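Some notes on the structure that comes next.
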Amino acid sequence: MKILQCKAKIVSSRRIQGDYYKIVLASPEIAAGALPGQFISVKIDGDYQPLLRRPFSIHRANKRELEILYAVVGEGTRLLSQKKPGKHLDVIGPLGNGFDYERPLDVARGRRSTPRRCSGQANDGRLILVAGGMGVAPLLFLAEQLVCRPSSVVRKNILVLLGAKNKKEVLCVKEFKKLGCEVKISTDNGSMGFKGKVTDLLKILLTTNDPSTWFDFAHHGSLGAGERPLDVTRGRRTTIYACGPRPMLRAISHISLKYNIPAQISLEEHMSCAIGACMGCVVGTLQGFKRVCKEGPVFAADEIIFW
Amino acid sequence: MSPRLNIKIGRLELKNPVMVASGTFGYGEEFKGLLDLKKLGAIVTKTITLNPRQGNPAPRTCETPAGMLNSIGLENPGLEKFITEKLPVLNKTGVPVIVSIASEGGREEFVELAAGLDRLKEVAAVELNISCPNIIHGNKARAKLIAQDAQATYETVKAVRKVTRKTLITKLSPNVTDISEIALAAERGGSDALSLINTLVGMSIDVKTRKPKIAVATGGLSGPAVRPIAVRMVWEVYKQVKIPIIGMGGIMDTASALEFILAGASAISVGTANFVNPKAAIEIIAGIKEYLIKNKISDIRRLIGSLKI
Ligand SMILES: Cc1cc2nc3c(=O)[nH]c(=O)nc-3n(C[C@H](O)[C@H](O)[C@H](O)COP(=O)(O)OP(=O)(O)OC[C@H]3O[C@@H](n4cnc5c(N)ncnc54)[C@H](O)[C@@H]3O)c2cc1C
Ligand SMILES: Cc1cc2nc3c(=O)[nH]c(=O)nc-3n(C[C@H](O)[C@H](O)[C@H](O)COP(=O)(O)O)c2cc1C
Ligand code: FES
């Protein structure tokens, strides 16, 4: 896969809610090769402030355009939100290794295959997409790619859990539903959906015996009331895909281990070059430091050392 | 007629005076496809040590006003792996490879590294990184860098000089009171050229968390913010030494590269700018050429140190 630097024309730029914005860039060169979980780095202004590029996940891509979903959190994103359609942005991408959704189980076994978009055999396993806040950004692209597979059962097999601080920060519900995904929401303050952390919601879904939940596979085998399944994935292949803040990903990693469900997690780290040259963006793994921008941003949960 | 851009650093002939700085260009491979590597005057590798180094914990970098801090801690694969895995790839570019070396301990490691590289024809020159601020961190601040001590600089350069016929470049630290004194010591020790500047030790704090933005507290400042200091230091050193100077520190474009050449640098190195615009070095080569044509200067060497004062 080739990494390119291009001047991408801003097709549209708008606020969607609160501090959240979407920008669409015309960049056929980058868009055509982009895979879910990959990102781009953007030079927001020509001068020295802000100096460095900013990394953003690819939220959506078709053959010609890239869409970015972002939150205004500082100077760079504030300037980005003021950009007008018609102007150009200097973009490098597609960057990093994305989600592996071709043969998801291989990741857990450490055999990482290059994912191919919309191709290959249908996956009859269950896929759980877990987003914490802004972490939803790369997961929509993933869901879009997952549902365009040939098998019709696939749609029903995608559960999306969206976690946010409050209901104003819940993003992309409509988009996921339109794809046919089952969507469940959690908010820290309970203003929408489950009250609590999205990872707590995930735990409940994995262990509950309530047949009304989508997540019925916990019934496999014969469990007594209140009994916890030891291996909830028995009989069905399940994979968790998650993106969000570090503490959430740590919780995902624990869940993955405890319930023996392979998980792929997308990490963030401060980046200077975003192409693997500066060694600035490392994360501790069982095989030593790895670069989030190059070997990541998506890693198998069981390879990351959280501390 | 096209102006003459080639220059000589020690015994090393460069087709143009624009290189990429150590630690900002990896071992070249990451930039493949993002720029025409063949056009570069030289590539300076990420500093290597004798043994592999893990480097420092993250976060290792943060942005600062018109600059950035880094404390990578010299993560590198070590000499052996560098020679077998990185050097062949670098060599394919056809561009002179300047290998930056550092020691985790004493002078002996520099000697061993230089001796190990001396027999390799793929190595065009060796740069002694005696100025990395990131091996010693915050809490051990009283430990001194070699480049902060004229005598130690002299002895290190002299010891390395004995074991290598390669062009020897010494990279100086701006974290000193008088950089000329160190520059003279390196020249006396037998260095063929000087690289300056390495990064300035700095610190940045997140007031929300009350934590330093860099995991090991302090880091090296680079980028446009340091440029005036770097230009001043090149100018000071130029007035004192006879050996060529490779100037760097916040070079972002042609104009900033020219500042260094006017102040006395024979060549320049592009660092942080590679992160911002991978094509920066290539654009600077074209820009310098254009400047020479416009000003009817037939040879870059006539521009070196031509500051009007
Ligand atoms: C691989 C990857 C994908 C990302 N995808 C998205 C996305 O799709 N949508 C989105 O809103 N944000 C995303 N982020 C985070 C985004 O890069 C930061 O929010 C952005 O850089 C903030 O810039 P700023 O100037 O507004 O903020 P400031 O806080 O002023 O930035 C200061 C410096 O810190 C860095 N920084 C700040 N926050 C982060 C962060 N969370 N991660 C990495 N660096 C940071 C900035 O790049 C900059 O160098 C992603 C980060 C990474 C590493
Ligand atoms: C991320 C990063 C890593 C660096 N690593 C090294 C290194 O390994 N060895 C070295 O001699 N200099 C290293 N430097 C210093 C640069 O080579 C250069 O001297 C300095 O950054 C000033 O130039 P600039 O402002 O153009 O970046 C590093 C700089 C940065 C930003
Ligand atoms: S940001 Fe430079 S190596 Fe990842």
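The values are calculated or read from the model by the stated rules, or taken from the named source; none is laboratory data. Predicted model, so just to flag it, every value in this text is computed and none were measured. Methodologically, a virtual Cβ is constructed for each residue, glycine included, from the backbone with ideal geometry; neighbour enumeration extends over all protein chains shown. Remember, those area values only see protein heavy atoms, side chains included, never the ligands or the DNA or RNA. Shrake-Rupley method; radii C 1.70, N 1.55, O 1.52, S 1.80 Å.
Descriptive notes on the structure:
- Minimum 50 Å² accessible area buried by the other protein chains, the stretch A:42-57 residues, probe 1.4 Å, relative to alone: A:TYR48, A:LEU51, A:LEU52
- Straight Cα distances below 18 angstrom link A:LYS203 to the lysines A:LYS184, A:LYS195, A:LYS258, with same-chain residues fewer than 8 positions distant left out.
- For B:SER204, net neighbour charge (Lys/Arg +1, Asp/Glu -1) across residues whose Cβ lies under 14 Å away: +3
- Label point distance in nm, A:LYS9-A:LYS167, each placed 7 Å from Cα along Cα→Cβ: 4.1 nm
- Reduction of at least 40 Å² in accessible surface, 1.4 Å probe, comparing all protein chains with the chain by itself, residues of the stretch B:43-78: B:GLN54, B:ALA58, B:ARG60, B:THR61, B:GLU63, B:ALA66, B:GLU75
- Under 16 Å from the Cα of A:LYS84 - lysines, other chains or at least 8 residues apart: A:LYS7, A:LYS9, A:LYS22, A:LYS43
- Percentage relative contact order, chain B, counting C-alpha pairs under 8 Å, at least six apart: 21 percent
- Per-residue HN-Hα couplings for the stretch A:88-101 [Karplus 6.51, -1.76, 1.60; θ = phi - 60°; Hz; x = Gly/Pro]: 10, 10, 7, 10, 10, x, x, 10, x, 9, x, 5, 9, 10
- Close amide H pairs (under 5 Å, H built 1.01 Å from N) link A:MET192 with A:LYS167, A:THR187, residues at least 5 positions away or on another chain.
- Simple point charges give the picture: +1 on the Cβ of Lys and Arg, -1 on the Cβ of Asp and Glu, and for the protein assembly as shown a dipole about the Cα centre of about 1100 debye.
- Solvent-accessible area buried by pairing B with A, both sides, nearest 100 square angstrom, 1.4 angstrom probe: 2500 Å²
- Two-site FRET efficiency, A:GLU29 against B:GLN151, from Cβ-Cβ distance with R₀ of 45 Å, rounded to 0.05: 0.25
- Value of [θ]222 nm, deg cm²/dmol, for the protein assembly as shown, DSSP H segments ≥ 4, -39500 (n - 2.57) each, nearest 500: -7000 deg cm²/dmol
- Backbone HN-Hα couplings from phi across the stretch B:295-309 [Karplus 6.51/-1.76/1.60, Hz, Gly and Pro as x]: 9, 6, 9, 7, 9, 3, 4, 6, 8, 4, x, 8, 4, 8, 9
- Spin-label pair A:ASP200/A:ILE16, simplified geometry with 7 Å Cα→Cβ offset, distance in nm: 2.6 nm
- Close amide-amide hydrogen proximity is noted between A:ASN97 and A:GLY296, A:VAL298, each under 5 Å apart and 5 or more residues distant or on a separate chain (H modeled in the peptide plane; Pro and chain starts excluded).
- Probing with 1.4 Å while keeping every protein chain in the model, the per residue accessible area of the stretch A:4-95 equals 40 Å².
- Volume of the Cα convex hull of the stretch B:66-132, divided per residue and given in Å³: 116 Å³
- About its Cα centre, the dipole of the stretch A:60-105 is roughly 260 debye, where the only charges are +1 on Lys and Arg Cβ and -1 on Asp and Glu Cβ.
- For chain B: rounded, prolate or oblate by the Cα gyration tensor [a/c cutoff 1.5]: rounded
- Residues in the stretch B:19-39 that, when all protein chains are in place, have 10 Å² or more less accessible area than the chain alone would give (probe 1.4 Å): B:GLY23, B:GLY26, B:GLU30, B:PHE31, B:GLY33, B:LEU34
- Where labels lie 7 Å past Cα in the beta-carbon direction, separation of A:ILE305 and A:ASN260 in nm: 2.7 nm
- Using a probe of 1.4 angstrom and keeping all protein chains present, the accessible surface of the stretch B:87-204 works out to 40 square angstrom per residue.
- Proximity of backbone amide H atoms, modeled 1.01 Å from N, is registered between B:ARG53 and B:ASN76, B:GLY78 at under 5 Å, excluding neighbours fewer than 5 places apart on the same chain.
- Karplus (6.51, -1.76, 1.60) ³J(HN,Hα), θ = phi - 60°, over the stretch A:11-26, in Hz, Gly and Pro reported as x: 7, 8, 8, 8, 7, 9, 6, x, 9, 9, 10, 10, 10, 10, 10, 7
- Take A:ASP188: with every protein chain present and a 1.4 Å probe, its accessible area is about 70 Å².
- What a 1.4 Å probe finds exposed on the protein assembly as shown is 52% carbon and sulfur by accessible area, rounded to a whole percent.
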